[in-house]
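The values are calculated or read from the model by the stated rules, or taken from the named source; none is laboratory data. What you are looking at is a predicted structure, and each value in this text was computed from that prediction instead of being measured. Positions of Cβ are backbone-derived with ideal geometry, glycine not excepted, and every protein chain shown enters the neighbour counts. Accessible surface areas use protein heavy atoms only, side chains included; no ligands, DNA or RNA. Shrake-Rupley method; radii C 1.70, N 1.55, O 1.52, S 1.80 Å.
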Amino acid sequence: MAHVIAVAGKGGVGKTTLTGLFIQRLCKSGKGPLLVVDADANANLNEVLGVEMPVTLGEIREEIERAGSDPKVKIPVSMTKQQYLEYRMEDALVEEADYDLMVMGRSQGAGCYCFVNGLVQSRIQALQDHYPYIVVDNEAGMEHISRGILPKIDTMFLVSDCSRRGIQAAGRIAALVREQKINPSFMGLIVNRAPGGRLNEGTEEEIKKQGLKLLGVIPQDEEVYRYDCDGRPTVELSSDSPVRQALDRIISQLEL
């Protein structure tokens with residue numbers, strides 16, 4: 001069974017950017033093939049990786065919902081809706097050289113994401129034996145943890161900016177992981193976008209208060225901001241990028 005690595009944190013802290021660089025680092029280290037899952041309804045991991053997605057699981061769900069009312073959507077008469085769903089889900093898995101990417105995407109209609117969450121869960125369960133590692137970029141929040149979307153978590157990365165609210169959000173996710181008895185073999189905190197790559201006393205105090213294991217600090221870097229503004233994949237950052245180097249130092253200390 002695959003080693004499942006989950007990345008979680010408050011929205012806007014840069015977890016997807018770090019997840020993309022982390023995936024690239026694993027691939028370069030020969031850990032592939034990876035199954036990469038963007039489990040955030042507001043999906044953009046594919047943009048960080050520079051991958052075009054033909055369809056997301058959310059879009060497939062909407063397509064099947066429109067069957068019968070939209071003449072553009074035609075399910076073959078020889079297939080049930082479930083069979084057609086399974087057939088279309090193969091199109092939602094994009095194969096790259098060292099990893100395969102699946103994106104949850106959002107539902108266009110009203111209501112919750114229960115059905116799409118179920119698709120994510122079923123696809124991971126169906127594919128988990130075919131990869132040594134699964135990397136999941138979770139939504140901003142705790143839903144995938146509380147609903148047990150992932151079959152298990154072996155390694156948990158909590159990502160925060162250097163604000164107290166970000167650290168507190170990471171602390172709440174860590175507490176939920178313990179309450180759900182998920183029992184990852186390893187769980188630690190990465191603090192992102194720290195000015196000068198250093199934490200102030202208030203942030204350090206909050207980390208200790210939340211009982212979090214600090215893995216390392218990623219500095220604020222204008223190059224990442226420029227890449228985002230220009231629509232360039234973050235994985236194209238230069239080898240001497242302070243963000244890339246800091247993340248490499250963190251990962252090199254881990255047994256993955």
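Taking the range 61-73 only, how many residues are of a type in the set (D, E, K, R) and in a loop (DSSP other than H, G, I, E, B)? Explain how you work it out, then say what you get.
First, pick out the residues of the range 61-73 that are of a type in the set (D, E, K, R): 61-63, 65-66, 70, 72.
Within this subset, residues satisfying the condition of being in a loop (DSSP other than H, G, I, E, B) are 70, 72.
So the count comes out to 2.
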> Looking at GLY231, GLY166, which one is touching a residue at least 40 places away in the same chain (Cβ under 8 Å) and open to solvent by 60 Å² or more (accessible area, probe 1.4 Å)?
Replying inline: GLY231
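Within the range 8-60, count every residue that is of a type in the set (Val, Ile, Thr), within 23 Å of GLU86 (Cβ to Cβ) and part of a helix (DSSP H, G or I). Can you show your working first?
Just the residues of the range 8-60 that are of a type in the set (Val, Ile, Thr), to begin with: 13, 16-17, 19, 23, 36-37, 48, 51, 55-56, 60.
Those still in the list that are within 23 Å of GLU86 (Cβ to Cβ) too: 36-37, 51, 55-56, 60.
With the extra rule that they be part of a helix (DSSP H, G or I), the set shrinks to 60.
Going through the range 8-60 one residue at a time, the tally reaches 1.
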> Would you say VAL13 is open to solvent by less than 10 Å² (accessible area, probe 1.4 Å), touching a Lys or Arg at 6+ places or on another chain (Cβ under 6 Å) and not basic (Lys, Arg)?
Replying inline: no
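What about GLU59, is it of a type in the set (D, E, K, R), farther than 25 Å from GLY20 by Cβ and either touching a His at 6+ places or on another chain (Cβ under 9 Å) or in contact (Cβ under 8 Å) with a residue 40 or more places away in the chain (or both)?
On the way: of a type in the set (D, E, K, R): yes; farther than 25 Å from GLY20 by Cβ: no; either touching a His at 6+ places or on another chain (Cβ under 9 Å) or in contact (Cβ under 8 Å) with a residue 40 or more places away in the chain (or both): yes.
Against the criterion (of a type in the set (D, E, K, R), farther than 25 Å from GLY20 by Cβ and either touching a His at 6+ places or on another chain (Cβ under 9 Å) or in contact (Cβ under 8 Å) with a residue 40 or more places away in the chain (or both)), GLU59 does not qualify.
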> Which of the residues belonging to the range 91-146 are of a type in the set (A, V, I, L, M, F, W, C), at pLDDT 90 or above and part of a loop (DSSP other than H, G, I, E, B)?
Replying inline: ALA97
>> I need the full set of residues from the range 200-254 which are closer than 16 Å to LYS28 by Cα, more than 19 Å from the chain's Cα centre (by Cα) and in a helix (DSSP H, G or I), in order please.
In response: GLN245, ARG249, SER252
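Scan the range 176-187 for residues that are outside any loop (DSSP other than H, G, I, E, B) and farther than 19 Å from LEU18 by Cβ and report the count.
3
Could you grab me the full set of residues in the range 16-33 that are closer than 13 Å to ALA97 by Cα and either in contact with a helix residue (DSSP H, G or I) (Cβ under 6 Å, 6 or more places away or on another chain) or surrounded by fewer than 20 Cβ atoms within 10 Å (Cβ to Cβ) (or both)? Can you show your working first?
As a first pass, look at the range 16-33 and keep what is closer than 13 Å to ALA97 by Cα: 23-24, 26-28, 30-33.
Listed by number, the residues that qualify are GLN24, CYS27, LYS28, GLY30, LYS31, GLY32, PRO33.
Picking from ILE173, ILE149, ILE190, which residue would you name as being closer than 14 Å to ALA8 by Cα, open to solvent by less than 60 Å² (accessible area, probe 1.4 Å) and part of a loop (DSSP other than H, G, I, E, B)? Don't jump to the end; show me each part of the working.
Working: ILE173 fails: part of a loop (DSSP other than H, G, I, E, B); ILE190 fails: part of a loop (DSSP other than H, G, I, E, B).
Residue meeting the stated conditions: ILE149.
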> Can you find even one residue in the range 75-90 that is within 30 Å of TYR227 (Cβ to Cβ), in contact with a strand residue (DSSP E or B) (Cβ under 9 Å, 6 or more places away or on another chain) and open to solvent by less than 20 Å² (accessible area, probe 1.4 Å)?
Replying inline: no
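Report, by residue number, each residue of the range 53-74 that is within 19 Å of VAL120 (Cα to Cα) and either open to solvent by 40 Å² or more (accessible area, probe 1.4 Å) or more than 26 Å from the chain's Cα centre (by Cα) (or both). Talk me through it step by step, then tell me what you get.
First, the residues of the range 53-74 that are within 19 Å of VAL120 (Cα to Cα): 53-65.
Scanning the range 53-74 gives PRO54, GLU59, ARG61, GLU65.
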>> Test of understanding: among GLU179, GLU206, GLU201, which residue is over 17 Å from GLY12 (Cβ atoms) and open to solvent by less than 30 Å² (accessible area, probe 1.4 Å)?
In response: GLU206
